[in-house]
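Worksheet: one structure, shown below.
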Amino acid sequence: MGSLELIVKEIQKWDNFILLGHVDPDGDCIGSLFALKWYLDSCNKSSLVLLAERPDEKYGFFGIEKSDYQLFADYQLTAMEGTCCIALDAGNIERLGEGKELAEKMFLINIDHHIDNPGYGQLNYVNPNKAAVGEIIYDLIKEDGTSLLNKRIATAIATAIISDTGGFRYQNTSAGIFKTMSNLMEAGIDLYEVNRAVFSNYHFSTIKLWGRALSSIKLAAEGKIAYLRIDQKALKETGAALDDSSGLVNYARDLKGVEVGISFTELEENIVKVSFRSNTDCPVHEIAAFFGGGGHPRAAGCTIEKDINQVEELVLQKVKEYV
Ligand code: AMP
Ligand code: MN
Ligand code: MN
């Protein structure tokens, strides 16, 4: 797994960094990327976050500046001498999307918490006991022994932690995370503001989309599986964005008696993103891996290139073997 101490020592050796996250970055990914970037800034090191798209406006509240990141489309993808690449929250190298090519050419530090991470970096710190990569970034800053935790960094870390623990409701929530949160609150974060940004403050079109998706919900395996779909028709008719569908899968999982909740999102015709959530014991990362994806035991995903009806059938068949 490598130790955090080794990561800190390695970071101290370099002056320039490129920071990469996973495709369709969530709160843990965005929060961790910018917390690390601002920490490196405070260490007088130069760093750049590379993204496929502008960060979702919902993360705007923690103060991301245009100069803090660059889009792949505007960036000359060349590996630079003397620059270290750090990948965050990406369970495998494919998850880096457009960043993969660059990561393969550079010295790569892989910092993650996915249990199925194969350790694709030159230096790896993968800790599945951590609920969020944001928690690891916090530990890393502490390990450095400096007191560089300002309000902006703390807010980015809190966003990461609150996103990946579902506001401390998921099984990955540990006693230690509350100690970390206590320190983040002492650093001045506004917990209400973070929660509101992560879990509410919806667009009207989002709620309309949710209405459509929720009314599509079905049960299988005597009520142990619940699944719903977000198809292109619903997306177009409500005017919602793909991002607006994240979180819907939790409603399927949260039904009484359900062990596995699944959402089927039609990204394009014949390309379906499948999200899995389980309640207590079904290892959904294994199911996702069967279809070429991955994730955590309680939250996982994959993308299948088939018609949405066919995908539903195939996936349900597999999940039924587990419940
Ligand atoms: P999501 O359903 O997109 O919220 O993802 C839940 C978890 O599964 C996250 O930890 C993701 O990193 C992981 N995951 C989602 N899609 C994939 C994929 N195609 N390959 C590997 N891991 C994935
Ligand atoms: Mn993530
Ligand atoms: Mn994560």
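The values are calculated or read from the model by the stated rules, or taken from the named source; none is laboratory data. Not measured: the values here are computed from a predicted model. Every residue, glycine as well, gets a Cβ built from its backbone with ideal geometry; the counts of neighbours run over all protein chains shown.
Yes or no, residue by residue, for (1) within 16 Å of ligand 2 (Cβ to nearest atom); (2) crowded, with 19+ Cβ neighbours inside 10 Å; (3) not in a helix (DSSP H, G or I):
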site	(1), (2), (3)
Asn110	yes, yes, yes
Ile115	yes, no, yes
Pro128	yes, no, yes
Ala131	yes, yes, yes
Ile137	yes, yes, no
Lys142	no, no, no
Gly145	no, no, yes
Ala158	yes, yes, no
Ile162	yes, yes, no
Are any residues in the range 14-27 acidic (Asp, Glu) and within 14 Å of ligand 1 (Cβ to nearest atom), and if so, which ones? Asp24, Asp26
Check Ser245, Ser263, Ser215 and return the single one that is modelled with pLDDT under 95 and touching a Leu at 6+ places or on another chain (Cβ under 9 Å). Ser245
State all residues of the range 66-107 that are more than 21 Å from Asp26 (Cβ to Cβ) and of a type in the set (Asp, Glu); if no residue qualifies, say none. Asp74, Glu81, Glu101, Glu104
Could we say that Thr165 is within 16 Å of ligand 1 (Cβ to nearest atom), over 22 Å from Asp243 (Cα atoms) and at pLDDT 95 or above here? no
Do any helices (runs of 4 or more DSSP H) lying entirely in the range 180-244 carry at least 1 residues that are acidic (Asp, Glu), and which ones are they? 191-199, 232-238
Lone qualifier among Ile30, Ile11 - being surrounded by 17 or more Cβ atoms within 10 Å (Cβ to Cβ), within 16 Å of ligand 1 (Cβ to nearest atom) and closer than 18 Å to Ile141 by Cβ: Ile30
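Touching a strand residue (DSSP E or B) at 6+ places or on another chain (Cβ under 9 Å) and within 12 Å of ligand 1 (Cβ to nearest atom): is that true of Val315 in this structure? Quick ask: steps written out before the conclusion?
Details: touching a strand residue (DSSP E or B) at 6+ places or on another chain (Cβ under 9 Å): yes; within 12 Å of ligand 1 (Cβ to nearest atom): no.
When the stated conditions are applied, Val315 does not pass them.
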Helices (runs of 4 or more DSSP H) contained entirely in the range 246-323, each with at least 1 residues that are surrounded by fewer than 23 Cβ atoms within 10 Å (Cβ to Cβ) and over 19 Å from the mean Cα position of the chain (by Cα): 284-290, 308-320
Taking the range 147-156 and the residues there that are of a type in the set (S, T, N, Q) and in a loop (DSSP other than H, G, I, E, B), the one that is surrounded by the fewest Cβ atoms within 10 Å (Cβ to Cβ) would be Ser147
I need the full set of residues from the range 30-49 which are within 26 Å of Val194 (Cα to Cα), away from ligand 2 (no atom under 16 Å from the Cβ) and touching a residue at least 24 places away in the same chain (Cβ under 8 Å), in order please. Lys37, Trp38, Tyr39, Leu40, Ser42, Cys43, Ser47, Leu48
Residues located in the range 117-126, provided they are in a strand (DSSP E or B) and either more than 14 Å from ligand 1 (Cβ to nearest atom) or closer than 15 Å to Ala160 by Cα (or both): Leu123, Asn124, Tyr125
Could you give every pair whose Cβ atoms fall below 6 Å, whose first residue belongs to the range 154-174 and is closer than 22 Å to Tyr251 by Cβ, and whose second residue is within 16 Å of ligand 1 (Cβ to nearest atom) and among the charged types (D, E, K, R), counting only separations of at least 6 or pairs across chains? Ser163/Asp26; Ser163/Asp28; Asp164/Asp28; Gln171/Arg298
